[in-house]
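Asks: I'd like to ask you about the structure that follows.
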């Protein structure tokens, strides 16, 4: 008989890209996971992985078994989701991954509607790199992931991207730095010290193309994967920085900065990524509807 625990270890390794990452997610030692997969291969009489250099690659049999495992654990996740909402009066567990490039204030505004539902919700948030959150989503440890880009086409995670909305960009600086800049926006950004999102963010490439189109060459003095850290450096006067237009008032008030100007030509997008093609979780539905009608609808 097929050992489903061993199958789950195999599936997690395949989805995570290696034993080391799988051991972190399963909270087991690499030796335990490797041993259990070895037993699975022995029971099946087939090799599921082959080592290519330092990497593990699926064999043809491994790829076939992975496709079945995807369906098995997706159905299991749906069953688990259904059962979580069954006990009367008990909060529905809602587990969300927030990509570290999503501004905290936007994440809060997007998630807040879930806490105002008639049925009690217990919200559990995790922040991490998008690829790591998607791996958690694949094994049903998360119900949804908030991101600034849709599900990457190259990923092996089976999921669906639900567009929440988009908005333009505003630039901010401390009053002292703003007073030292010359000219009108956007020309005042030329040779100005600038803080930017990291290379891995969707916004970074859009901004760089916009600078080229405007023939602006700012001095990039800092790059940040964490948008809150970027704003903290901006508050300290290290440089000007961009932020989504929908939180412009919040940024100016919270960080003691002034708006230099903005553009609608650069749009920052936000997505809810789930394993559901059609949204069913009440919290995800509430988030999607509020985002389109209130948060981003008011920005249009």
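Asks: For segment 108-154, which residues satisfy the criterion of being within 15 Å of the chain's Cα centre (by Cα), in a helix (DSSP H, G or I) and buried (at least 16 other Cβ atoms within 10 Å of the Cβ)?
Replies: 110, 111, 130, 132, 133, 134, 135, 136, 137, 138
Asks: Please state which of the following conditions residue 121 fails to meet, knowing it meets all the rest: (1) touching a helix residue (DSSP H, G or I) at 6+ places or on another chain (Cβ under 6 Å); (2) at pLDDT 85 or above.
Replies: Failed condition: (2).
Asks: Please determine whether any residue of segment 269-282 is crowded, with 17+ Cβ neighbours inside 10 Å and free of Cβ contacts under 8 Å to residues at least 24 places away in the same chain.
Replies: Checked against the condition, which is being crowded, with 17+ Cβ neighbours inside 10 Å and free of Cβ contacts under 8 Å to residues at least 24 places away in the same chain, segment 269-282 yields no hits at all.
Asks: Could you pull out the residue among 32, 12 that is in a helix (DSSP H, G or I), at pLDDT 85 or above and loosely packed, with under 15 Cβ neighbours inside 10 Å?
Replies: 32
Asks: Would you confirm, using the coordinates I've provided, whether residue 253 is outside the structural domain of residue 132 (by TED's automatic domain parsing), part of a helix (DSSP H, G or I) and under 28 Å from the mean Cα position of the chain (by Cα)?
Replies: Judged against the criteria, residue 253 is a match.
Asks: May I pose another question? Of all residues in segment 171-201, which are assigned to a helix (DSSP H, G or I), surrounded by fewer than 19 Cβ atoms within 10 Å (Cβ to Cβ) and in contact (Cβ under 8 Å) with a residue 40 or more places away in the chain?
Replies: Once the filter is applied, which keeps residues that are assigned to a helix (DSSP H, G or I), surrounded by fewer than 19 Cβ atoms within 10 Å (Cβ to Cβ) and in contact (Cβ under 8 Å) with a residue 40 or more places away in the chain, segment 171-201 yields 175, 176, 178.
Asks: Answer yes or no: is there a residue in segment 161-170 that is outside any strand (DSSP E or B), surrounded by fewer than 18 Cβ atoms within 10 Å (Cβ to Cβ), in contact with a strand residue (DSSP E or B) (Cβ under 7 Å, 6 or more places away or on another chain) and touching a residue at least 40 places away in the same chain (Cβ under 8 Å).
Replies: no
Asks: While we're on this one: Within segment 53-67, count every residue that is surrounded by 12 or more Cβ atoms within 10 Å (Cβ to Cβ), under 27 Å from the mean Cα position of the chain (by Cα) and part of a helix (DSSP H, G or I).
Replies: Residues that pass the stated criteria total 2.
The values are calculated or read from the model by the stated rules, or taken from the named source; none is laboratory data. The structure presented is a predicted model; accordingly, all values stated were derived computationally and were not measured. Glycine also receives a Cβ, built like all others from the backbone with ideal geometry; neighbour counts cover every protein chain displayed.
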